[in-house]
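The values are calculated or read from the model by the stated rules, or taken from the named source; none is laboratory data. This is a predicted model, so every value here is computed, not measured. Here the Cβ positions follow ideal geometry from the backbone for every residue, glycine too, while neighbour counts run over all protein chains shown. With ligands, DNA and RNA removed, areas are computed over all heavy atoms of the protein, side chains included. Shrake-Rupley method; radii C 1.70, N 1.55, O 1.52, S 1.80 Å.
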Amino acid sequence: MIDFDEELKKFHPSLEVEDVSEAIYNQDLTDMADLIVSMLKETKNSTAGRKSADPGQNVQG
């Protein structure tokens with residue numbers, strides 16, 4: 001039978017896996033929530049800019 005305690009003592013994780021996990025965790029990744037917040041800010045800023053630029057600009061007549 002396999003002696004699990006002995007096998008665990010011999011176990012050493014692969015350095016490649018550790019390097020990959022460090023790279024993933026240290027990278028600043030943008031998720032969907034970040035994208036939505038950014039889009040909402042851009043929309044709000046562009047809408048506010050149009051309203052304050054010329055109040056009579058949107059008047060049709």
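Observations on the model:
- All told, Met39 meets the bar of being of a type outside the set (S, T, N, Q), at pLDDT 80 or above and assigned to a helix (DSSP H, G or I).
- Selection within region 21-32 - part of a helix (DSSP H, G or I), open to solvent by 90 Å² or more (accessible area, probe 1.4 Å) and not β-branched (Val, Ile, Thr): Glu22, Tyr25, Asn26, Met32
- Meets criteria (modelled with pLDDT of 90 or more and either loosely packed, with under 10 Cβ neighbours inside 10 Å or of a type outside the set (S, T, N, Q) (or both)) for Glu18: no
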